[in-house]
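Colleague: Take a look at this one; I'll ask things after.
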Amino acid sequence: MSELRAGYKETEIGVIPEDWDIEYLNSFSIRIGDGLHGTPKYAEDGQYYFINGNNLKNGVISMNDDTKKVDTREYEKNKVDLRATSILISLNGTIGSLACYRGEPIILSKSAGYITLKKNQVTGYIYQVLQTKYVKDFILKELTGTTIRNLSLKTLRNIPIAKGTFEEQQRIAEILSTTDAHIEKLDKIIEDYQLLKKGMMKKLLTEGIGHTEFKETEIGRIPKEWEVCKIEDVISFMKSGLSRKLSDSDIGIPCLRSSNIIDGRLKLDDLKYWYLKDPQGAKIDDYILDKGDILINFINSIAQIGKACVFDNPSFEAIYTTNVFRVKTKFDKMINSFFYYNTQTQSYMYQVSLITKPAVNQASFTTGDFKNIKFPLPTLEEQQYIADILITIDEKIRIFDNERQDFVKLKKSLMEKLLTGKIRTTEIKSLEA
């Protein structure tokens, strides 16, 4: 056991400064409770939203056109004590998701808990503490239920909180909320670019560039000059990957799986590995991916079946697993990026749904059925023009997403250091810029 640093002490939540105390969430609060244990009477023209734990996302109450509403009478009957000092927390489902109450006209379901803090407490500080690993671990150990897990109000009240001075709590909340605000800003920028991309894809992949005459086809309305082709007409290679029980340890070469294809992009934060010399005699070189290869899930959950991405990292060498098709296009028929963007369309996903064969744990489709899926076929010049526009938008999304990931890592590091007192606020310069 390492020796304690001078000025620090060991507590039930770990090492904290000697001048900090441990108190429990209940002592910071006026009331900790949950919402309605039952179903309210909904009203389509109601003014008040009925919120459950799934509506609590990234610190805010998420509402849309599908969120149920109630009228004034139902609201008055079921409202709870929500104030500017209230924090909402999901009690089942995605347990522990949080939102700060900002005066929204709502009533709560039993899956949404609320913590209304005393006036002399720093709401932002408690909100940040509730996101820490030690709080999440504490909650996980105390969950009730078997099939459906629940966070009880008793557990919520007994969450241990490390407490410094009021001024230090304020400063910690200010620093962490500044990083949150920047992450939210980046989220909005990314969302705007994603909406732009969606609109541009819908227009460019059905109307093209500068066309004035159109025709109806089996895949919808397209320019008169375009053709309709089958996937088999425009690909030169299509093969599934290696079937092996992969390792979590780096034993040779990364092997990309269907779970690495997320939102049309290749995610490399959860890798598995295989040997460069296969014990079963397979030629690993045959499975090493080339830049521009398209990877497509053909055995996966219904939600993920057919999802695709482009292998576009030339400095990263990898192979791929048996649940994924590797596709190469015929360069004189269709450029790979135009093929990829067509796998992001509603027409493609509808055709995938028609050939998908559901099973107990996963769904799949056959090579033959996939090759019969139809795409629009402009000239190579127009394909390139369309793809370049969409690639430019994707590059913007990638840049802002990378910046967001950097700030998420910064926030995590700051939380770990500031909320345990490893670094005192006097050591941190202002993050406002």
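Colleague: Looking at segment 1-139 from every direction and averaging, what is the projected area of its Cα convex hull in nm²?
Modeller: 9.7
Colleague: Still on this structure: Using Stokes-Einstein with the Kirkwood hydrodynamic radius over Cα pairs, what translational diffusion coefficient do you get for segment 7-80 at 37 °C and a viscosity of 0.692 mPa s, in µm²/s rounded to a whole number?
Modeller: After rounding, the answer is 207 µm²/s.
Colleague: Sticking with this one: Determine, for each peptide in 96-105, 17-26, the mean count of other beta carbons within 10 angstrom over its residues, then list the peptides with the highest first.
Modeller: 96-105, 17-26
Colleague: Next up: Return the ratio Rg/(2.2 N^0.38 Å) for segment 211-258, where Rg is computed over Cα atoms only.
Modeller: 2.14
Colleague: How large is Rg over Rh for segment 312-432, taking Rg from the Cα atoms and Rh as the Kirkwood inverse mean of 1/r across Cα pairs?
Modeller: Reported Rg/Rh (Cα atoms, Kirkwood Rh): 1.17.
Colleague: What angle, in degrees between 0 and 90 and rounded to the nearest 10, separates the Cα long axis of helix 380-418 from the longest principal axis of the Cα atoms of the chain?
Modeller: Taking Cα atoms only, the helix is inclined about 20 degrees.
Colleague: Right, next: From the C-alpha gyration tensor of segment 217-354, pull out the three semi-axes of the equivalent ellipsoid (sqrt of 5λ each), sorted largest to smallest, in whole Å.
Modeller: Its equivalent ellipsoid spans semi-axes of 30, 16, 13 Å.
Colleague: Can you give me the three principal axis dimensions of segment 171-297 from its C-alpha atoms, in Å, biggest first?
Modeller: 60, 57, 20
Colleague: Let me ask something additional. Residue farthest toward the positive end of the dipole of segment 58-153, with Cβ of Lys/Arg at +1 and Asp/Glu at -1: which of Asn120, Asn92, Val60?
Modeller: Towards the positive end, the residue furthest out is Asn120.
Colleague: In segment 195-224, whose amide N lies under 18 Å from the spot 7 Å out along Cα-to-Cβ of Gln346? List them in ranges.
Modeller: So the set is 195-208, 215-223.
Colleague: Please express the Cα-Cα pair-distance distribution P(r) of segment 99-241 as a list of whole percents, one per 10 Å bin, running from 0 to the bin with the greatest distance.
Modeller: With a bin width of 10 Å, the distribution comes to 8, 21, 21, 14, 12, 17, 7, 0.
Colleague: Follow-up. Check Thr329: other-chain or 5+ apart residues with amide H under 5 Å from its amide H, H built from backbone geometry?
Modeller: Ser236
Colleague: For a test of the definition: using alpha carbon positions, the gyration tensor, and the 1.5 limit on a/c, classify segment 363-433 as rounded, prolate or oblate.
Modeller: Judged from the Cα gyration tensor, segment 363-433 comes out oblate (a/c at least 1.5, b/c at or above a/b).
Colleague: For the chain, what does the accessible surface come to per residue with a 1.4 Å probe? Please give it in Å².
Modeller: Solvent-accessible surface per residue comes out at 54 Å².
Colleague: For Gly59, which sequence-distant residues (separation of 5 or more, or a different chain) have an amide H within less than 5 Å of its own amide H, given hydrogens modelled in the peptide plane?
Modeller: Leu98
Colleague: Roughly what percent of Cα-Cα pairs across the chain reach past 39 Å?
Modeller: Taking all Cα-Cα pairs of the chain, the fraction more than 39 Å apart is 40 percent.
Colleague: While we're on this one: In degrees from 0 to 90, rounded to the nearest 10, what is the angle of the helix 346-355 Cα long axis to the longest principal axis of the chain?
Modeller: The helix 346-355 is inclined about 80 degrees to the chain.
Colleague: In the neighborhood of Ile231, defined by Cβ-to-Cβ distances under 9 Å, what is the net charge if each Lys or Arg adds +1 and each Asp or Glu adds -1?
Modeller: Once positives and negatives cancel, what remains is +1.
Colleague: Let's see if you can work this out: charge +1 on each Lys and Arg Cβ, -1 on each Asp and Glu Cβ, no other charges. What is the dipole magnitude of the chain about its Cα centre, in debye to the nearest 20?
Modeller: 1000
The values are calculated or read from the model by the stated rules, or taken from the named source; none is laboratory data. Remember, it's a predicted structure, so these values are computed and weren't measured experimentally. Using ideal geometry, Cβ is built from the backbone for each residue, glycine included, and neighbour counts are taken over all protein chains shown. Each accessible area value is taken on the protein alone, full model and side chains, heavy atoms only, with ligands, DNA and RNA left out. Shrake-Rupley method; radii C 1.70, N 1.55, O 1.52, S 1.80 Å.
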